[in-house]
Amino acid sequence: MVSIKDVARDAGVSPQTVSNYFNNPSIVMQRTRAKVEESVTRLHYTPNASARRLRAQRSYTLAAGIAPSGYSQIFDPLLHALVSEADKHGLRIMLYKTDSKADEIHQFASLVSGGDVDCFILTDTVYEDPRISWLVKHHQAFVLFGRPWGQETDDDAKLAWVDVDGKRGISELTQKLIVTGHRRIGFMGWPDPSGTGADRYSGWEQALLTAKLSTQREIATLRIDSEDNIRAGQIACGKLLERQPDLDAIVCVSDTLATGAHTFLPPHCPITITGFDNTSSAQSLGFTSLEQPTLDIAHELVRIAVERINGSEDPSLVRDVASQHVLLAPKIIVR
């Protein structure tokens, strides 16, 4: 059986450094972390989880909620990436059900009382998310996938998050449409309040105003909001084209709405449709979409989670606030 000493010998570091790699990676230099990770992978080393939990009085478990429906289509690949990333640090991912935000808070209380979780990973953040307030009030370590939209706190360091820069992605995508000759570009978004939806909308708005293809007064007439399902997207696309029949492109806040718009239009229609998430729908229907970097998201979520866990005992181990607020760029997948 491979031991921590074997890993240390193979990596050319001390056993304490290998221990820090698993338990306190923020104090290990990046180059050294890479060497240890290489040796761990090569030797197929797995920490003794039971002994480790008993010694440290921790569960070494990160918890993430799953809903029966309604989550983004990127959740499955993100969950796979999270499990892989957590495994590199000797951590487990525990899943719990979330039928609603209130139900998820009930799950928090149950898991906290049993000492089953060291840190929560919250996905699907919403405006003034009640889960955030509960976790802050009960002094629980957590990290968000998505920004804390509308959340007020006296200490930004309490709210650690990783998000994808939807504004930047949609702006760059709209600019690409403009460069390729599109001049009448509409937008299909989500109803307010939606922090993510508003962020993506602002990228489209900025690109049109900067290119002087619309005035601030006209911009509202080029936008329509819809619930995030295919049928609603079809209906919204029809209404938008009734209002603006000369559109040559429609930027959609999600692949779901883009699928609705695409299936509403007749075959060989010259209107270009774009989406967000690069799901199987975008790939099969062949429309351009923005892809979220799930591997990078998982890496940052787990990195911050480990720092939050260690920082609960020693606040000096949590790095500056900037390292706890990470904004990643999506990639345009052109079809």
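Loop sites by DSSP among the chymotrypsin sites (Phe, Trp or Tyr not before Pro) of the chain, restricted to those with at most 16 other Cβ atoms within 10 angstrom, leave 128-335 as the longest stretch without any of them. Give the cross-link partners of LYS5 among the lysines, using a straight C-alpha distance below 28 Å as the criterion and excluding same-chain residues fewer than 8 apart. Of all the lysines, those that pass the test against LYS5 - Cα under 28 Å, at least 8 places apart if same chain - are LYS35, LYS88. Put a dot 7 Å past the Cα of LEU209, heading toward its Cβ, do the same for LYS137, and the two dots end up 3.7 nm apart.
Here the range 200-335 is treated with +1 on each Lys and Arg Cβ and -1 on each Asp and Glu Cβ, and its dipole about the Cα centre works out to around 380 debye. Beyond 24 Å, what share of the Cα-Cα pairs of the range 178-329 is found? Please give it as a whole percent. That tail contains 42 percent of the Cα-Cα pairs. Remark: the range 280-296, residue by residue, has Karplus-estimated 3J(HN,Hα) of 4, 5, 4, 5, 6, 8, x, 9, 5, 8, 9, 9, 7, x, 4, 5, 5 Hz, where x stands for each Gly or Pro and the curve is 6.51 cos²θ - 1.76 cosθ + 1.60 at θ = phi - 60°. Annotation: aspartates and glutamates with alpha-carbon distance below 14 angstrom to LYS97 (same-chain offsets under eight excluded): ASP124. Residues THR256, THR46 ordered from highest to lowest accessible area at a 1.4 Å probe: THR46, THR256. Residue order by solvent-accessible surface for MET29, MET94 is MET29, MET94, largest first, with ligands and nucleic acids left out and a 1.4 Å probe. Relative contact order of the range 139-198, taken over Cα pairs closer than 8 Å and 6 or more residues apart, is 30 percent.
Between GLN16 and HIS268, the simple spin-label model (points 7 angstrom out along Cα→Cβ) gives 7.4 nm.
Excluding residues on the same chain fewer than 8 positions from LYS212, give the lysines whose Cα lies under 29 Å from its Cα. Counting by Cα, and skipping residues close in sequence, LYS212 has these lysines nearby: LYS167, LYS176, LYS239, LYS331. Taking GluC sites (Glu not before Pro) as exposed when their DSSP state is a loop state and no more than 15 other Cβ atoms lie within 10 Å, the longest site-free interval of the chain runs over 1-127.
Over the range 123-262, with the other protein chains present, what is the accessible area per residue in square angstrom, probe 1.4 angstrom? The partial results should precede the final answer.
Values: 6240 Å² over 140 residues.
On a per-residue basis, 45 Å².
Quick check on the chain: of the DSSP beta bridges with both residues there, what percent are antiparallel, nearest 5%? Taking every DSSP beta bridge with both residues in the chain, the antiparallel ones total about 10 percent.
Backbone amide hydrogens, once placed in the peptide plane, bring THR272 within less than 5 Å of ALA249, ILE250, excluding anything fewer than 5 places away on its chain. The listed residues THR123, THR196 rank as THR196, THR123 when sorted by accessible area, largest first, using a 1.4 Å probe. Could you identify which residue out of SER284, SER214, SER19 has the top mean-square fluctuation in a GNM of the chain using Cα springs shorter than 10 Å? With Cα springs under 10 Å in the chain, the top fluctuation among SER284, SER214, SER19 is at SER284.
The values are calculated or read from the model by the stated rules, or taken from the named source; none is laboratory data. As the structure is a prediction and not an experimental result, all values here were calculated from the model. Quick reminder, even Gly has a Cβ in these numbers, built from the backbone with ideal geometry, and neighbours come from all protein chains shown. For the accessible areas, the whole protein counts, side chains as well, though only heavy atoms, and no ligand, DNA or RNA atoms are used. Shrake-Rupley method; radii C 1.70, N 1.55, O 1.52, S 1.80 Å.
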